[in-house]
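The values are calculated or read from the model by the stated rules, or taken from the named source; none is laboratory data. Because the structure is a prediction, the values reported are computed rather than measured. Note that we place each Cβ from the backbone using ideal geometry, even for glycine, and neighbour counts take in every protein chain shown.
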Amino acid sequence: MRLPERSGNQVRIGVAITVPEPYGTVLQAARARFGDPWAEFIPPHITLLGPTVIEHDEILPVDEHLAAVAARHAPFVVSLRGTATFRPVSPVVFVQVVDGVTGCEGLESSVRSGVLDQELRFRYHPHVTVAHEVPDDQLDAAFAGLADFDASFVVDSFHSYAHGDDGVWRPARDFSLTGPPADAGVGPST
């Protein structure tokens, strides 16, 4: 896993939609079963902002930015179904987001703006990783083992995560989506 270096008082953060229970436990157990060494360190999630280093005194402006993002976006439904892979570009197998892609893309774009503006290495593709940087046979097992996975849930919040010195990603703050529905305010004009 590529993690940006930090120094001094810097903090490594990420922003994600956490996969809720009971699906989170199921996917985390599957990731461990497929031999992924990161299974116990990374809760199942849909990334909105990958690992990013910020200065300690930037935490408050980042939190304010994320709160403003959450206030502009309404809850939406995500459906996860089946598996796919980024091979051969990257040794990753993931559960696909089949419904809610637009909601994820909108959140990701809003999160990755302002104080968190940054370039992407790859085009944003919402997904839930279930095997990463493991041998091909384990990637194949993950691909086949979760091919029938199917889950839907309401995304009504996202989290900022802090990366600890022990390698564990922990939720730092919850941001509830409180924006108006996409069609709110749309109607006949006078």
- Note on the structure: Scanning region 1-36 residue by residue, the ones that are among the acidic types (D, E) and at pLDDT below 95 total 2
- Message: Show the residue pairs meeting these rules: Cβ distance below 6 Å; 6+ apart or different chains; first residue within region 63-90 and within 21 Å of A131 (Cα to Cα); second residue surrounded by fewer than 16 Cβ atoms within 10 Å (Cβ to Cβ) and at pLDDT 95 or above.
- Response: S79/V98; S79/D99; S79/S152; R81/V98; R81/D150; G82/A147; T83/A147
- Task: Answer with yes or no whether V11 is farther than 18 Å from T129 by Cα and of a type in the set (V, I, T).
- Result: yes
- Message: Against the condition in contact with a Cys (Cβ under 8 Å, 6 or more places away or on another chain), surrounded by 11 or more Cβ atoms within 10 Å (Cβ to Cβ) and touching a residue at least 60 places away in the same chain (Cβ under 8 Å), how does P171 come out, does it pass?
- Response: no
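Do we find that V95 is buried (at least 20 other Cβ atoms within 10 Å of the Cβ), modelled with pLDDT of 95 or more and assigned to a helix (DSSP H, G or I) in this structure? Can you show your working first?
On the way: buried (at least 20 other Cβ atoms within 10 Å of the Cβ): yes; modelled with pLDDT of 95 or more: yes; assigned to a helix (DSSP H, G or I): no.
No: the conditions fail for V95.
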- Which of the residues spanning region 132-156 are crowded, with 18+ Cβ neighbours inside 10 Å and assigned to a strand (DSSP E or B)? H132, V155
- Query: If L49 passes every condition in (1) under 27 Å from Q138 (Cβ atoms); (2) in a strand (DSSP E or B); (3) in contact with a Lys or Arg (Cβ under 7 Å, 6 or more places away or on another chain) but one, which one does it miss?
  - Reply: (1)
- Which of (1) in a loop (DSSP other than H, G, I, E, B); (2) under 20 Å from H125 (Cβ atoms) is the odd one out, the single condition G14 does not satisfy? (1)
- For region 43-50, indicate whether the set of residues that are more than 20 Å from R112 (Cβ to Cβ) and in contact (Cβ under 8 Å) with a residue 40 or more places away in the chain is non-empty. yes
- Message: Is it the case, given these coordinates, that P61 is modelled with pLDDT of 95 or more and part of a helix (DSSP H, G or I)?
- Response: yes
